[in-house]
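The values are calculated or read from the model by the stated rules, or taken from the named source; none is laboratory data. This one's a predicted model, so the numbers in the text were calculated from it and none came from an experiment. Cβ sites come from the backbone with ideal geometry, for glycine too, and all protein chains shown count toward neighbours. Side chains are part of the model used for accessible areas, which takes the heavy atoms of the whole protein and leaves out ligands, DNA and RNA. Shrake-Rupley method; radii C 1.70, N 1.55, O 1.52, S 1.80 Å.
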Amino acid sequence: MLRERSGAEVIAVVKADGYGHGAVEVSRAALAAGATELGVATVGEALALRAAGVTAPVIAWLHTPSTDFAAALAADVEVVVSTPAQLAAVVAAAHRLGRTATVGVKVDTGLARSGVSEREWPEVCALLKDDAVQLRTVMCHLARGDEPGHPLNAAQAAGLDAAVADLHRAGLPPQRVHIANSAAALTDRSLCRDVVRTGIALYGRSPVPGLGDFGLTPAMTLTAEVALVKRIAAGQGVSYNHTWVAPRDTVVAVLACGYADGVPRALSNRLPVHIDGRRFAGVGRICMDQLVVDLGHDGGGVAEGDRAVLFGGAGASAGDWADATGTIDYEILTGIGGRTQRRYVDPPDSMTP
Ligand SMILES: *Cc1c(COP(=O)(O)O)cnc(C)c1O
């Protein structure tokens, strides 16, 4: 789907442990579904993929002075540099190891975050002439990709095209050029070059919620087991600081899931929970490891050991949680972790690039 809409090859972005879904499993599923390459932020993330036996091309684009470029080279990870100093360090590592480094360059065309600035560009071009490096990728990242039609998008693309033209003139033609993230891949073909770098869409979440879901199916469903069910009397305060007091005799369930697992504490007293198709209200403070659900006077037929859906499936969505807590679903998804156990089911259509 991503490939058809963008007309480009797909790099599956699996940084941050596959947006909280498990980088190795997502990589395998995405490659099986037609992605040709993987993208991560750090060399450490790339090395973890290699250690798990993932052999597909991997690019890593975020480095610090302590990044181990020699380890990246040895593991056949393409380092995409953002400064002349990084490129010089890669060149030095390549000479030390006696091998050619396949490298990429990230150009700052307007995001003003990482990426080679205009001032640094000549120095980067000069370093790329070293025989120890082979240029493969040239890329930039959009500041307003999720604002389709914003003039900055076209301006950033023009900036990258100019950089690529420069490289051709210098006899250093890149093999792969990319600009688009999920939002641009789904909304604007004019921003798609050879390849698109898609993250959030791969996980079935819309990169531009205002434009709908693009037919994507969210991959993640977060559930928790009902640890215990108990009856409480009217007037009983529940959980820390008794921020909820039972207005009537009722039955509550304690779920074994809390903010350490990625449920925002800010959803205390406003967390819908679905159990066996019925909607209940989370009540009282969400704690580190537990949260409480009001099942009503008759207990709603809920039993210990039942599975409660926190988001996904027929329940609320990660986007609902994001809206309720003033963030974006990227932050909700990447926050799910810690003790959470992952269970993988057949990839839904949304995993098809
Ligand atoms: C995270 C990231 C992406 C993926 O962005 P989505 O909005 O999740 O598609 C692409 N490119 C770069 C440089 C990134 O850091």
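Residues that are touching a residue at least 12 places away in the same chain (Cβ under 8 Å), assigned by the TED database to the domain that holds R205 and away from the ligand (no atom under 16 Å from the Cβ): list the helices (runs of 4 or more DSSP H) wholly contained in region 1-117 that include at least 1 such residues.
Numbers: elements: 2-6, 15-20, 23-32, 43-51, 69-74, 84-97.
Those helices (runs of 4 or more DSSP H) span 23-32, 43-51, 69-74, 84-97.
If you go through region 216-266 and pick out every residue that is touching a strand residue (DSSP E or B) at 6+ places or on another chain (Cβ under 7 Å) and within 27 Å of V26 (Cβ to Cβ), you end up with 10. Scanning region 90-104 for residues being within 16 Å of T67 (Cα to Cα) and either of a type in the set (V, I, T) or modelled with pLDDT under 95 (or both) gives a total of 3.
Would region 139-147 turn up any residue that is more than 16 Å from the ligand (Cβ to nearest atom) and either in a helix (DSSP H, G or I) or not hydroxyl-bearing (S, T, Y) (or both)? No, there is no match, as no residue in region 139-147 is more than 16 Å from the ligand (Cβ to nearest atom) and either in a helix (DSSP H, G or I) or not hydroxyl-bearing (S, T, Y) (or both).
L191 fulfils the conditions (1) among the aliphatic types (A, V, I, L, M); (2) crowded, with 21+ Cβ neighbours inside 10 Å; (3) within 11 Å of the ligand (Cβ to nearest atom) except for a single criterion, (3).
For the subset of region 74-104 comprising residues that are of a type in the set (S, T, Y) and within 11 Å of H63 (Cα to Cα), which member is most open to solvent (accessible area, probe 1.4 Å)?
Initially, region 74-104 is screened for residues of a type in the set (S, T, Y), giving 82-83, 100, 102.
Now restrict to residues that are within 11 Å of H63 (Cα to Cα): 82-83.
Working: S82: 7, T83: 42 Å².
Among them, the one singled out is T83.
Could you tell me whether region 122-130 includes any residue that is more than 16 Å from the ligand (Cβ to nearest atom), assigned to a helix (DSSP H, G or I) and free of Cβ contacts under 8 Å to residues at least 12 places away in the same chain? Yes, region 122-130 has at least one match. Is it true that R205 is part of a loop (DSSP other than H, G, I, E, B), at pLDDT 95 or above and surrounded by 22 or more Cβ atoms within 10 Å (Cβ to Cβ)? So R205 passes the test. Evaluation of L135 against the conditions (1) within 16 Å of the ligand (Cβ to nearest atom); (2) open to solvent by less than 60 Å² (accessible area, probe 1.4 Å) shows that the sole unmet condition is (1). Inspect region 175-182 for any residue being in a helix (DSSP H, G or I), away from the ligand (no atom under 16 Å from the Cβ), surrounded by 14 or more Cβ atoms within 10 Å (Cβ to Cβ) and in contact (Cβ under 8 Å) with a residue 12 or more places away in the chain and give the result as yes or no. For region 175-182, residues in a helix (DSSP H, G or I), away from the ligand (no atom under 16 Å from the Cβ), surrounded by 14 or more Cβ atoms within 10 Å (Cβ to Cβ) and in contact (Cβ under 8 Å) with a residue 12 or more places away in the chain: absent.
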